[in-house]
Amino acid sequence: MFALAGVRYAYPGGGFGLAVEELAVARGERVACVGPSGCGKTTLVDLIAGIKLPNAGTVHLAGDELSALPDDARRARRITTIGMVFQEFELLDYLSALDNVLLPYHVSRELDLTAAVRERARTLARETGIEHVLTRRPRRLSQGERQRVAVCRALVTEPSLLLCDEATGNLDPATAKTTLDLLFEQAGKRGTAVFLVTHDHGILDRFDRVVDVRELGGAA
């Protein structure tokens, strides 16, 4: 699904750097990513998604080398291939829960908002237990409901890869377990790969394998 080789990334001005000698995740695989705060986990997610480009090495996503693509093609590849779930959910408060789920279709010309897509969004909402709150705005949702909206948004495009940056990090244990159940259930139905950054070592046994950022090449 994606592969990194010989990757080096450093922020302008020096200081932090990330090195990844080799990392690959196959379609349908569930991989957890661990490491202490500040070691580069979010930077790694941004590199996989093509939000950041490496200073050296290659990042391939669904067969394409991201650094070889122009910005518009890279954004198109990201929005059609990847579903992203963020720790802070990143919902827009002026939109309803349903329109937050459908947000990728509102912001990208690569995606066509059809009746079938709207039905898929409602089906996801029903399967994740939030169908009754679709007309509400995020400020009127519980934390767990907001998280489920974010999960539905990540899945509505039927992505080949789910990238989750601390997607369960600020949830209580019961809600975190339920959210992970939902992610795995929905991803399993579609053969979607899951790459999830987490500090919660209590969930690691649910993944096919675990990678530690510090062992991928180390922080430079």
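Coordinate-derived values only; no laboratory data. Everything numeric in this text was worked out from a predicted model, so none of it was measured. All Cβ positions, glycine included, derive from the backbone under ideal geometry; neighbour counts span all protein chains shown.
Computed quantities for the displayed model
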item	result
Spatially proximal lysines relative to K189 (Cα-Cα < 26 Å; intrachain offsets below 8 disregarded)	K177
Contour minus Cα-Cα distance for T58 and A24 (0.36 nm per residue)	11.1 nm
Pairwise label distance in nanometres, E119 with H201, each label 7 Å out on the Cα-Cβ vector	4.8 nm
Assigned charges on the beta-carbon of Lys, Arg, Asp, Glu; region 1-145 dipole about Cα centre (debye)	300 debye
Whole-number D in µm² s⁻¹ for region 79-142, Kirkwood Cα-pair radius fed into Stokes-Einstein, 37 °C, 0.692 mPa s	263 µm²/s
Difference of contour (0.36 nm per residue) and Cα-Cα distance, A73 to A10	20.3 nm
Rel. contact order, % - alpha carbon contacts under 8 angstrom, at least six apart, the chain	32 percent
Pairwise centroid distance, computed over Cα atoms, of region 24-41 with region 157-178, Å	13 Å
Region 71-186: C-alpha pair distances exceeding 24 Å, %	18 percent
Cα-centre dipole for region 54-132 with unit charges at Cβ (Lys and Arg positive, Asp and Glu negative), debye to 20	180 debye
